[in-house]
Amino acid sequence: MTDRWPPQDSGGEQAGAHPARPAPAPDADRVLALIWHAVDELNELLPEDARIAKDVDAVLLGESGALDSFGLVNLVVALEHRIEDEFGTSVTLADEKAMSKSRSPFRSVRTLRDYVAEVLSRATHG
Amino acid sequence: MADRPVILITGTSRGIGRQLAEHYGAKDYQVVGCSRREPAITDANYRHFALDVADEPAVKKMFTAMRGDYGRLDALVNNAGIASMNHILTTPMATVLDVLSTNVAGTFLFCREAAKLMQRRRAGRIVNFSSVAAPLKLEGEAIYAASKAAVISLTEVLARELADFGITVNAIGPTPIHTDLIASVPAAKLDSLIARQAIRRYGEISDVINVIDFFLRPESDFVTGQTIFLGGV
């Protein structure tokens, strides 16, 4: 069985790939739901006292943050996979631009939600 | 999720990659392979993606398909590689970029995407391909040797970065083996290279398979960041 990437024509779905889906505009609640799924995945790996609260104001990074570098990598990967499944688009959240911002978009759930919505908006609407 | 282990092998159109695909297919792995050209593998356990290993969008789409269809990746063998035999004074920049793109950037990209898939199950094996060209500092192969030295560095650093995810990263450094990769190298040059090995003979693909089998064994979960050179180099 052979799959050719990128697809040679747009006439149909490639065998084995996710079906092409229309990309609706991301809204804040939908993005937040994805973040909670990713948080659930991450929390399964963490000891009970280190789990991330499902609170939009939860601080993720910094001195009072819930995530160490291992947790951040896990959260980013889980979130990228969720976005891919939900929106059918592959995004890179931890790119150089995001990592070099003086105020990290990963510092709280709220900033992460806004950042993901922005990335998705760029990815789905050019 | 696939109920048998999934192994991804790059560069399966010919040579070592093709035989590795057949070997692990016979061991009842689900084998996923990729190369720019179509392979002649007809094994029912084999699935092919035609792509360039340094083409990030194409590679990411392949991983998306694997995640959707198998939900797991147990092992990655970064076999795809290209060589260039040339004196520095006559090596075009296009060749330099081609070799680095396939041998270094391609290896990096596959390690990154594979680790994302492997980390879900907190287990995985990555095997990269270096070469004796790096430690032997072969003249006439500056950019190839440099690319394979980079693979060793990459392997050692990734072994540390991915250890917490239960993923081991090791490398093999083959001696010359009778494949297309060395078809254009003069026999006298190969003979002098082999004379520098502790065991002076050409490598066999079975020698490569033996080392990869070792890295992939469940009992090898305490072995990471290592490069095993064949022939006693």
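The values are calculated or read from the model by the stated rules, or taken from the named source; none is laboratory data. Quick caveat, the model's predicted, so the values are computed rather than measured. Cβ: placed from backbone, ideal geometry, glycine included. Neighbour counts: every protein chain shown.
At a glance:
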read-out: Residues (at pLDDT 95 or above and among the hydroxyl-bearing types (Ser, Thr, Tyr)) located in segment B:54-89; value: B:70
read-out: Segment B:119-141: number of residues that are in a helix (DSSP H, G or I) and either surrounded by fewer than 19 Cβ atoms within 10 Å (Cβ to Cβ) or within 14 Å of another protein chain (Cβ to nearest Cβ) (or both); value: 5
read-out: Residue match in segment B:146-163 (condition: more than 24 Å from residue B:113 (Cα to Cα), of a type in the set (A, V, I, L, M) and at pLDDT 95 or above); value: no
read-out: Counted residues, segment B:48-62 - those being more than 7 Å from every other protein chain (Cβ to nearest Cβ) and within 17 Å of the chain's Cα centre (by Cα); value: 5
read-out: Residue that is surrounded by the most Cβ atoms within 10 Å (Cβ to Cβ), among those in segment A:55-76 that are away from every other protein chain (no Cβ under 14 Å) and either part of a helix (DSSP H, G or I) or without any contact (Cβ under 8 Å) to a residue 24 or more places away in the chain (or both); value: A:66
read-out: Residues (part of a loop (DSSP other than H, G, I, E, B), closer than 30 Å to residue B:143 by Cα and within 10 Å of another protein chain (Cβ to nearest Cβ)) located in segment B:63-81; value: none
read-out: Residue check, residue B:116 without any contact (Cβ under 8 Å) to a residue 40 or more places away in the chain, within 14 Å of chain A (Cβ to nearest Cβ) and either farther than 27 Å from residue A:89 by Cβ or in a helix (DSSP H, G or I) (or both); value: no
